[in-house]
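Notes for the one structure printed next.
The values are calculated or read from the model by the stated rules, or taken from the named source; none is laboratory data. These numbers were taken from a predicted model, which means no experiment stands behind them. Cβ coordinates were reconstructed from backbone atoms using ideal geometry, including for glycine residues, and neighbour counts include every protein chain displayed. Quick note on the areas: whole protein, heavy atoms, side chains included, nothing else; ligands and nucleic acids left out. Shrake-Rupley method; radii C 1.70, N 1.55, O 1.52, S 1.80 Å.
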Amino acid sequence: MEPRDREGAIGLSGPDDVKTTGRVIVVGPYLRTRPGDDGAASQSDMRDVEARIDEAAGLARAINLTVAESILALIGQIRPATYLGKGKVDEIAGVIAGQGAELVVMDCALSPIQQRNLEKAWNTKVLDRTGLILEIFGRRAKTKEGALQVELAHLNYQRSRLVRSWTHLERQRGGFGFMGGPGETQIEADRRLIGDRITRLENELKKVQATRRLHRAGRQRVPYRVVALVGYTNAGKSTLFNRLTRADVQAADMLFATLDPTLRAISLPHGGKAMLSDTVGFISNLPTQLVAAFRATLEEVLEADVILHVRDMSHEDAEAQQHDVELVLSQLGIDPEATDSIIEVWNKIDRLDEAARENLANIAARRPPERPCLMVSAETGEGVDVLLQAIEDRLAAARTTLDLTIDAADGAGISWLHRNAEVLAKELHEGHYDMTVRVDATKRDIVVERYHGVPRVA
């Protein structure tokens, strides 16, 4: 499907496109919290309003938009027509005119009607949080898989907003002759074309999922255990990934610096191997369209033996970010409280002063063993050796430790053990090796039968 001109586009180049030039106003329309309010606050309500609008401005800058001004707009209630009250709408209209802004970013989810009414009131383009995140993803995805996932999410979002400001949608494609009916309206045609494109994308992503399942099956035959990195965007996942794998994945102090999934092998302290998966960063109010579209990528998290939850402990909203990540994990079907496969990685400790580091260390020491948290600096490498040992220990919990004796002349057998097991100890005694190895369940019977391995009693 080729994109049409700006007025009639229905793909990723439709009216929801954002130019990377011009001035942008970022508006934070956050509900006031009143003392004594009943009910649990949403996860976004836990976040400081200044941090929330700074994050929204950071999202805009992530695609090279020039933020002219950030406006906090605390509201008592959400207005069905414009989200904001009339007075605040008029006030922001004055700021837009004074700044010569070409775009307003609303850090909230707008309905199509609210978005249309605000565009009319301000005579400029309006983008909500979902649209902005989709725009970032659309520009950052490099692989074919990533592009497919972003386009699917974008089309699902766009399909519900065709009614918004598309003036050409009032036209009709007429029938033949004077007796024919009015024909198919432009909006119906565009929705049908979008629906067809969505169906094709979903079929292509099913092929991606099938390919990933084949790759996972291949790793299980080796077998390679999988360790998945998850965390809030800009928590330092890619920097840690590079530190552990000696890779050169793009890492920058920027929201959503990397999107495409990456897998690399890592070496564990006793010679074992594991596959490390770097996943897309999470964020508060992550669009549901993206969670659904990226499910094929995030299946690596579902299948992982160990999940490393990387946290930026230098951020003022580290606790709120933790809740946001756990919320997305829950949407994927992973209960953070019920699983013991999660290790919290408290990153960026190099940015903390001595008192803050000591406080964190005291908190970490009081954590139960099944819910460990490790202090590291992916930037300097501090704590990475301890992290690797923790990964190995967690993976070893599902493996069997065997003591065996093997003829020193059996080079092929010794080589096979080094390739397929973790060799914990090896000593030469008068023509034979006494070895202690740790093997996966799929290899246990082979080692016991071939090498007469004896399980070690804990």
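For the stretch 80-89, which residues satisfy the criterion of being surrounded by 12 or more Cβ atoms within 10 Å (Cβ to Cβ) and free of Cβ contacts under 8 Å to residues at least 12 places away in the same chain?
GLY85
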Subject >> Residue count for the stretch 318-333, restricted to those that are open to solvent by 20 Å² or more (accessible area, probe 1.4 Å) and either within 23 Å of ARG394 (Cα to Cα) or in contact with a Ser or Thr (Cβ under 9 Å, 6 or more places away or on another chain) (or both) >> reply: 7
Subject >> Enumeration of residues in the stretch 329-370 that are in a loop (DSSP other than H, G, I, E, B) and more than 22 Å from the chain's Cα centre (by Cα) >> reply: LEU352, ASP353, ARG366, ARG367, PRO368, PRO369, GLU370
Original post:
Of all residues in the stretch 52-91, which are farther than 27 Å from ALA318 by Cβ and among the hydroxyl-bearing types (Ser, Thr, Tyr)?
Top reply: THR66, THR82, TYR83
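What's the total number of residues in the stretch 169-213 that are within 25 Å of the chain's Cα centre (by Cα) and at pLDDT 75 or above?
Summing the residues that are within 25 Å of the chain's Cα centre (by Cα) and at pLDDT 75 or above in the stretch 169-213 gives 14.
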**OP:** For ASP128, work out the one condition from (1) within 20 Å of the chain's Cα centre (by Cα); (2) modelled with pLDDT under 90 it doesn't fulfil.
**Re:** (2)
Subject >> Scope the stretch 261-294; condition at pLDDT below 80, open to solvent by 10 Å² or more (accessible area, probe 1.4 Å), within 30 Å of ARG419 (Cβ to Cβ) and not in a strand (DSSP E or B); matching residues >> reply: PRO261, HIS270, GLY271
Original post:
Among the candidates GLU102, GLU55, which residue alone is touching a residue at least 60 places away in the same chain (Cβ under 8 Å), more than 25 Å from ASN156 (Cβ to Cβ) and in contact with a Ser or Thr (Cβ under 9 Å, 6 or more places away or on another chain)?
Top reply: GLU102
Subject >> Residue count, the stretch 422-458 (criterion: touching a residue at least 60 places away in the same chain (Cβ under 8 Å) and hydrophobic (A, V, I, L, M, F, W, C)) >> reply: 2
Original post:
For the stretch 431-458, what are the residues that are part of a strand (DSSP E or B), within 25 Å of ASP305 (Cα to Cα) and open to solvent by less than 20 Å² (accessible area, probe 1.4 Å)?
Top reply: THR436, VAL437, VAL439
**OP:** Take the stretch 384-430 and flag every residue that is touching a Gly at 6+ places or on another chain (Cβ under 9 Å), of a type outside the set (A, V, I, L, M, F, W, C) and open to solvent by less than 30 Å² (accessible area, probe 1.4 Å).
**Re:** GLU392, GLU422
